[in-house]
Amino acid sequence: MLKDGEIDDINNLPADHPGHTREYIEMMNTMLDLGVSQLNLDTKNLKAYPPTIKAWHQLQSFPAEIVPAIDEAIKHVMLEIAEQRMQDMRTAHQQQAARLDNGNRESSAPIMPSSDIDGTPTPRQTVEPLNDMPDLIEEVHARLYKARMFGLDHTINLRDLNPGDMDKLISIKGLVIRTTPIIPDMKEGK
């Protein structure tokens, strides 16, 4: 929206404006729900947001260094999301247990055996044990997260590749018919 000229400054927007949405945080929440480990990253978003223009340039010029850093950042954010979700699940579990415990008692007096009961205990609702909850943090640690870049400004035809395109992030336009391994001209130099 900044690039399109729809907004001038994100700090002066109303609270319900779509410019405040965190698109990638929502994507990562969905990734955690579905168990997916690839995040599709639109490089146009990096270019459109002024604080990340430098990252956009570095991503294209030095992808061997920047892409692993982005992958590691994704894992850290996924860990934060998993920790927050686990904390929310524990809190909800404790609240449900407290609600059920308080709901089964009709008085605030301590629980005492009664002679009015014929010996059969009254059925009580139980809360599922906390051990049945999935360990989201372990699931995140076990996965290898990868960013998939798309949306570069320029696409190059396969026949137009130059030696200057080596070690750069480029977008190739074409149809893959077959692939072969790269056979180097020289295997050992003397």
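The values are calculated or read from the model by the stated rules, or taken from the named source; none is laboratory data. Everything numeric in this text was worked out from a predicted model, so none of it was measured. Backbone-built Cβ (ideal geometry, glycine too); neighbour counts: all protein chains shown.
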When region 25-43 is checked residue by residue, the ones that are in contact with a Ser or Thr (Cβ under 9 Å, 6 or more places away or on another chain) and under 14 Å from Arg85 (Cβ atoms) are Met31
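Filter region 168-190 down to the residues that are surrounded by 10 or more Cβ atoms within 10 Å (Cβ to Cβ) and part of a loop (DSSP other than H, G, I, E, B), then identify the one that is farthest from the chain's Cα centre (by Cα).
Per the stated criteria, the residue is Gly174.
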When residues of region 38-52 are limited to those that are in contact with a helix residue (DSSP H, G or I) (Cβ under 6 Å, 6 or more places away or on another chain) and free of Cβ contacts under 8 Å to residues at least 60 places away in the same chain, the one surrounded by the most Cβ atoms within 10 Å (Cβ to Cβ): Leu46
Count, please, the residues in region 57-73 that happen to be free of Cβ contacts under 8 Å to residues at least 24 places away in the same chain and either within 14 Å of Ala147 (Cα to Cα) or exposed (fewer than 12 other Cβ atoms within 10 Å of the Cβ) (or both). 6
So the check is Cβ under 6 Å with 6+ separation or different chains; which pairs have a first residue in region 158-184 that's free of Cβ contacts under 8 Å to residues at least 60 places away in the same chain and a second one that's assigned to a helix (DSSP H, G or I) and surrounded by 10 or more Cβ atoms within 10 Å (Cβ to Cβ)? Ile172/Leu158; Gly174/Leu158
Does Met133 satisfy the criteria of being modelled with pLDDT under 90, under 30 Å from the mean Cα position of the chain (by Cα) and closer than 30 Å to Leu39 by Cα? yes
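Matching residues to (1) part of a loop (DSSP other than H, G, I, E, B); (2) modelled with pLDDT of 80 or more; (3) of a type in the set (A, V, I, L, M); (4) touching a Leu at 6+ places or on another chain (Cβ under 8 Å):
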residue	(1), (2), (3), (4)
Ile25	no, yes, yes, no
Asp33	no, yes, no, no
Pro68	no, yes, no, no
Ala73	no, yes, yes, no
His76	no, yes, no, no
Ala82	no, yes, yes, yes
Ile117	yes, no, yes, no
Pro123	yes, no, no, no
Residues that are without any contact (Cβ under 8 Å) to a residue 40 or more places away in the chain and under 26 Å from Asp33 (Cα atoms), drawn from region 139-157: Ala142
